[in-house]
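What follows is a short report on a single structure.
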Amino acid sequence: MIISLNTYLVTGAALFVLGLLAIITKRNAIAVLMGVELILNAANLNFVAFSRYSADPNINGVMITLFIFVIAVAEAAVALAIVLNIYRNMQTVNLDEVSSLKK
Amino acid sequence: MGKDFVFLLFVAMTIGGAAIVAFAKRIIYNAFALMLSLFGLAGLYVFLSADFIAAVQVVVYVGGIMVLMLFGVLLTTKLTDVKLTTLKNQRIWAGITLGFFMIVLGAVIQRAPWIVTHEELVHDPQSATIGELLMTKYLLPFEIASVLLLAALIGALFIVRSEHK
């Protein structure tokens, strides 16, 4: 059977690894934010999959996923506001060029 | 079987979109690939019989966060010269390490003795149960989430406001 808990967990793990890869290797701050979104979604998928497939199927994983949605929206809004402000002040969103605290 | 095929299609959409986010050089490709990945995830939620989450995924992520991301991309990059150069060595080492990490995760997932249910899926709509739980068992987290959203809204407005009057 292809549709099983393991398939969901492997998909979630792949999402997590690819999101982490995006966070580590990208220079653009918005691309890094996209990696963060991927990792949050990997967590969501695992929550829903476990809540559906646990020995006692329940809805708690779905509720936790809803709250993660709220946190993701708040994070994206504030982070993009910060990125726009950085761009207005420094004319770049490349993370390795935003280093004025080092000088 | 048709059901398996559709399921694998959604898995491929999800992982393929995420791979483009991680590997593509142009930020605008990254943004649209992220949208593809999030759509695939909504399909997977349908297969998990989480109908409400699937709908919210499309509305919040594809409709909300992605538009926000595209705004950010278009406001901060010049579309003519957006080769996203990453440091070469960093990329190779990150790929090797995370590939190894993925293998470990996959092995653990395959070998762990998960205790799973063998009941058939129930396809009842979940929204009524979710609404009831939000007003009873999850009332405090619900209120805290509302305050968090309000704080994030005010904070974001405060950060991007214009300095000069």
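Worth pointing out:
- Answer residue from the stretch A:45-62, given it is surrounded by fewer than 21 Cβ atoms within 10 Å (Cβ to Cβ) and facing chain B (nearest Cβ under 7 Å) and is nearest to B:M69 (Cα to Cα) among those: A:I59
- A:V17 within 7 Å of another protein chain (Cβ to nearest Cβ) and either free of Cβ contacts under 8 Å to residues at least 24 places away in the same chain or open to solvent by 10 Å² or more (accessible area, probe 1.4 Å) (or both): yes
- Every test in (1) over 26 Å from B:L8 (Cα atoms); (2) open to solvent by less than 50 Å² (accessible area, probe 1.4 Å); (3) of a type in the set (S, T, N, Q); (4) part of a helix (DSSP H, G or I) is passed by A:T92 save one, and that test is (4).
- Among the residues of the stretch B:95-152, those that are among the small types (G, A, S) and assigned to a helix (DSSP H, G or I) comprise B:G95, B:G99, B:G106, B:A107, B:S127, B:A128, B:G131, B:A145, B:S146, B:A151, B:A152.
- Hits in the stretch B:52-64 - residues which are in contact (Cβ under 8 Å) with a residue 12 or more places away in the chain and closer than 24 Å to A:V83 by Cβ: B:Q57, B:Y61, B:V62
The values are calculated or read from the model by the stated rules, or taken from the named source; none is laboratory data. No experiment lies behind these values; they were computed from the predicted model shown. All Cβ positions, even for glycine, are placed from backbone atoms using ideal geometry, and neighbour counts span all protein chains on display. SASA here: full protein model, heavy atoms, side chains in, ligands and nucleic acids out. Shrake-Rupley method; radii C 1.70, N 1.55, O 1.52, S 1.80 Å.
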